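The values are calculated or read from the model by the stated rules, or taken from the named source; none is laboratory data. These numbers come from a predicted model, not from an experiment. Methodologically, a virtual Cβ is constructed for each residue, glycine included, from the backbone with ideal geometry; neighbour enumeration extends over all protein chains shown. These area figures cover heavy atoms from the full protein model, side chains too; ligands, DNA and RNA do not enter into them. Shrake-Rupley method; radii C 1.70, N 1.55, O 1.52, S 1.80 Å.
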Amino acid sequence: MERVLITGGAGFIGSHLCERFLAEGFEVFGMDNLITGSLQNIAHLFEEERFHFIKQDVTEYLYLKGDLHYILHFASPASPIDYQQLPIQTLKVGSLGTHKALGLAKEKKARFLLASTSETYGDPLVHPQPETYWGNVNPVGPRGVYDEAKRFAEALTMAYHNYHDMDTRIVRIFNTYGPRMRINDGRVVPTLLPQALRGEDLTVFGDGSQTRSFCYVSDLVEGIWRLLMRTDYSEPVNLGNPQEMSILEFAQAIVRITGSQSEIVFKGLPADDPKVRQPDISLARKLLDWEPKVSFEEGIRETLDYFREVPEVKQTPSGS
Ligand code: UDP
C-alpha cells in the first residue's frame, strides 16, 4: 500500500487531501500542530485504520518509520490575520518546516509537493497572473512573513529538485473556499458567510473594488491530484478559478444567495491588500487537462450548509 504524509493535515485544504488519498486507497499520515488546524476537521477519519494523526510541529525533526512515497507540505497559517498574529511561526513553517519535509522526502525517496500561493505575486502589476510573473512583494509589510516564507519554500524546493535530483511539484494556490474553513479567521469567505447567516452587517474592506477569484476546494484537490500523480512537472503551476469578481460583488452575491437582511458596511482597507487577483490557468489546462467545474453559486451553497452547522452560527436564531 502506498503511503503519504500530509503536513497541515488537520487544516482546511489538508483535511480534504487526507480524505482524497484515503478514498484512493492510500495509507495516510496527517501531521499538524493544531495552531490553526482543528481535530474537528479530521474527526470522521479516525475510524479509518489507514489514517494516522501525528500531532507535531513540522519545523521539528521529522521521523516516520517505514516507507513513504509522497509528502504534501500544506502546513502554514494561511489567513492574513493568522499570519500577522503568528509571524514567526509562519516564517518558520515555510522555511525550516519546508526544509524538514524536503529532508524527509529525500531520505525516503518520496515525491514532494509544496503548497505555495498566489501571494508569491504580491500586489501584482501583471493581470491575470501567469507562472512566469515574478511578483511585486513588500518583504517588510504585514503580508511579508507569508509571502517571503512561501517564496523561500519555492526556492528551497527547486534547489532540492536540481541539486538532489528529487521528484518535486510546486502548486500556487489562489483563493480557495469550502467546508472546514475556520470561522472568523479574518478571510472574506468564513467572515461574510457567517455574517449573512446571522443577519449581521457584511464587512467589506476599502470600497470593495479589489478583486479576487474563488475556487471551490474539490476543484483544487482534483488539480493537486493530477499535478502530483499524472505529471513530472517541477516548475510552479497555478491552480485557481479564473472567474474574477470585486469584493463588493462577492458581498452582494452572498446577500442574494442567502436571502439575508444583512447590510453591507465598509471598513478600512488593510495595508498591502492586493488590488487584483486572477489566476492565468493556461498551463494547468494544458498540462493537467484541468479546469474548475463547480460554479460559484453551487460552491457557496455547499459552504453555507457547512457554516449553518458550526456552533457559533447555529446558536444565533437567524442562523438556524
Ligand atoms: N475582506 C473584506 N472583508 C472581510 C475580510 C476580507 O472585505 O471581512 C477583503 C480583503 O481585504 C481582501 C479580500 O476580502 O481584499 C480577500 O481577503 P482574504 O483575507 O479572504 O484573502 P486574501 O486574498 O486577501 O489573502
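From Cα coordinates alone, what are the radius of gyration and Dmax values for the chain in angstrom?
Looking at the chain, its Cα Rg and Dmax stand at 18.9, 58 Å.
Spelling out what I want: for every residue of the stretch 238-254, take phi, set θ = phi - 60°, compute 6.51 cos²θ - 1.76 cosθ + 1.60 (Karplus), and round to whole Hz; glycine and proline get x.
Per residue, the Karplus-derived 3J(HN,Hα) values read 6, 10, x, 9, x, 6, 9, 8, 6, 5, 5, 4, 4, 4, 4, 5, 5 Hz.
In sequence order, what are the phi-derived ³J(HN,Hα) couplings for the stretch 220-232 according to the Karplus relation 6.51 cos²θ - 1.76 cosθ + 1.60 with θ = phi - 60°, rounded to whole Hz, with x for glycine and proline?
4, 4, 4, x, 5, 4, 5, 4, 6, 9, 10, 9, 10
Extent of the stretch 1-84 along each principal axis, from alpha carbon coordinates, in Å, largest to smallest?
Sorted from largest, the Cα extents of the stretch 1-84 read 40, 27, 16 Å.
Using modelled amide H (1.01 Å from N, peptide plane; none on Pro or chain starts), what sits under 5 Å from the amide H of Ile264, excluding residues fewer than 5 places away?
Correct list: Leu202.
In Å³ and rounded to a whole number, note down the convex hull volume per residue for the Cα atoms of the stretch 90-183. Before the final figure, lay out each step's value.
Values: hull volume 11.7 nm³, N = 94.
It comes to 125 Å³ per residue, whole-number rounded.
Which entries in Lys106/Lys150; Lys100/Lys275; Lys65/Lys109 show an alpha-carbon gap greater than 25 Å? Working shown, then result.
Details: Lys106/Lys150 20 Å; Lys100/Lys275 34 Å; Lys65/Lys109 14 Å.
Distance filter (> 25 Å) returns Lys100/Lys275.
Nearest 5 is fine: what % of DSSP beta bridges in the stretch 123-262 come out antiparallel, could you say? Walk me through the numbers on the way to the answer.
Numbers: 3 of 9 bridges.
The answer is about 35 percent antiparallel.
Ignoring everything but the protein chains, give the 1.4 Å probe accessible area of Asp219 in square angstrom, nearest 10.
Near enough 10 Å² of accessible area.
Let a ≥ b ≥ c be the square roots of the eigenvalues of the Cα gyration tensor of the stretch 71-145; is it rounded (a/c under 1.5), or, if not, prolate (a/b larger than b/c) or oblate?
Numbers: a/c = 2.69, a/b = 1.39, b/c = 1.93.
The shape class here is oblate.
Excluding Pro292 itself, calculate the net charge of residues whose Cβ lies under 10 Å from the Cβ of Pro292, where each Lys or Arg counts +1 and each Asp or Glu counts -1. Don't jump to the answer; show the numbers that get you there.
On the way: positive: Lys293; negative: Asp219, Glu222, Glu291.
For residues surrounding Pro292, the net value is -2.
Could you work out how far helix 98-108 tilts from the main Cα principal axis of the chain, as a 0 to 90 degree angle to the nearest 10?
On a 0 to 90 degree scale, this one is about 40.
Would you pull out the residues with amide H under 5 Å of Phe112's amide H, same chain only if 5 or more places away, H placed 1.01 Å from N?
Correct list: Ile71, Asp167, Thr168, Arg169.
Using the Cβ atoms and a cut-off under 11 Å, what net charge is assigned to the surroundings of Leu72, where Lys and Arg are +1 and Asp and Glu are -1?
Summing Lys and Arg as +1 and Asp and Glu as -1 gives +3.
Per-residue HN-Hα couplings for the stretch 39-44, Karplus 6.51 cos²θ - 1.76 cosθ + 1.60 at θ = phi - 60°, whole Hz, x for Gly and Pro?
Working through the residues one at a time gives 4, 4, 5, 10, 3, 6 Hz.
For the stretch 29-63, run through the chymotrypsin sites (Phe, Trp or Tyr not before Pro) and keep only the ones in DSSP coil with at most 15 other Cβ atoms within 10 Å of their Cβ.
Numbers: sites: Phe29, Phe46, Phe51, Phe53, Tyr61, Tyr63; in loops: Phe46, Tyr61, Tyr63.
Here the chymotrypsin sites (Phe, Trp or Tyr not before Pro) that fit, given the DSSP loop and packing criteria, are Phe46, Tyr61, Tyr63.
Given bins 10 angstrom wide, list per bin the percent of all Cα-Cα distances in the stretch 251-320, short to long.
Calculated over all Cα pairs of the stretch 251-320, the distribution is 14, 29, 34, 19, 4 percent.
Going by amide H atoms built from the backbone, whose H comes under 5 Å of the H on Ile54, apart from near neighbours?
Close amide H contacts, sequence-distant or interchain: Gly30, Met31, Asp32.
Among the trypsin sites (Lys or Arg not before Pro) within the stretch 18-99, which fall in a DSSP loop and have no more than 15 other Cβ atoms within 10 Å of their own Cβ?
On the way: sites: Arg20, Arg50, Lys55, Lys65, Lys92; in loops: Arg50, Lys65.
Here the sparse-neighbourhood loop sites are Arg50, Lys65.
Which Rg and Dmax, in Å, describe the Cα atoms of the stretch 129-262?
Using the Cα atoms of the stretch 129-262, the pair Rg, Dmax is 17.7, 58 Å.
I need the trypsin sites (Lys or Arg not before Pro) found in the stretch 202-291, filtered to DSSP loop residues with at most 15 other beta carbons within 10 Å of theirs.
On the way: sites: Arg212, Arg226, Arg230, Arg256, Lys267, Lys275, Arg277, Arg285, Lys286; in loops: Lys275, Arg277.
Answer by residue number: Lys275.
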